Ligand SMILES: [Zn+2]
């Protein structure tokens, strides 16, 4: 079996790639108000999960694409996924420097550097699949909330209305902007006209209104 060392090398690379997707910084680009794209470094998925868990943004120099849907303290699915990750990784590699402030990350990087042997190939592949599943779960959890809507503070280019009076649920009539945009569409509450995501840019340009970050992704 001369190909075995290569299989091990390939499996190590696949594991490292999966680990990087979970705990590595991510390069991305965002659209600025002037429609230029700017390259940014995003926190790791793991870090973002931790922020979801704490329900607040911690100090960081990186830039985020969008405000996540749930800002409620203690997002339950994030807590459960983090717990799963932390516990499982600890079972893979119990030892870690007690001063390490991100033990799970340290353990995963140690495992990436581990001199895996052919005997351990099946284990390594199983671990890789597990990390890949975490990445998928984290990505779906952190995807911008489709239901979250933003007001575009301008008159509808179709019917010309700007405001609408709506019941706030407590019997008070409140004024609301007619143009409401979400990640999946923009709509005028007055005339029902709607715009697909690819038309947001033209719509915002017509209106002279900056779009919320993340809508054009
Ligand atoms: Zn309208």
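If only residues of region 61-104 that are touching a strand residue (DSSP E or B) at 6+ places or on another chain (Cβ under 7 Å) and surrounded by 15 or more Cβ atoms within 10 Å (Cβ to Cβ) are counted, the one that is modelled with the highest pLDDT is 64.
Candidates are the residues of region 173-186 that are modelled with pLDDT of 80 or more and more than 9 Å from the ligand (Cβ to nearest atom); the one that is surrounded by the most Cβ atoms within 10 Å (Cβ to Cβ) is 186. Each residue in region 91-141 was checked for being more than 19 Å from the chain's Cα centre (by Cα) and either within 18 Å of residue 47 (Cβ to Cβ) or outside any helix (DSSP H, G or I) (or both), and 21 pass.
The residue of region 141-166 that is farthest from residue 78 (Cα to Cα), among those that are away from the ligand (no atom under 16 Å from the Cβ) and at pLDDT 75 or above, is 142.
The values are calculated or read from the model by the stated rules, or taken from the named source; none is laboratory data. Since the model is a prediction, treat every value here as computed from it, not as a measurement. Cβ atoms come from the backbone with ideal geometry, glycine included; neighbour counts cover every protein chain shown.
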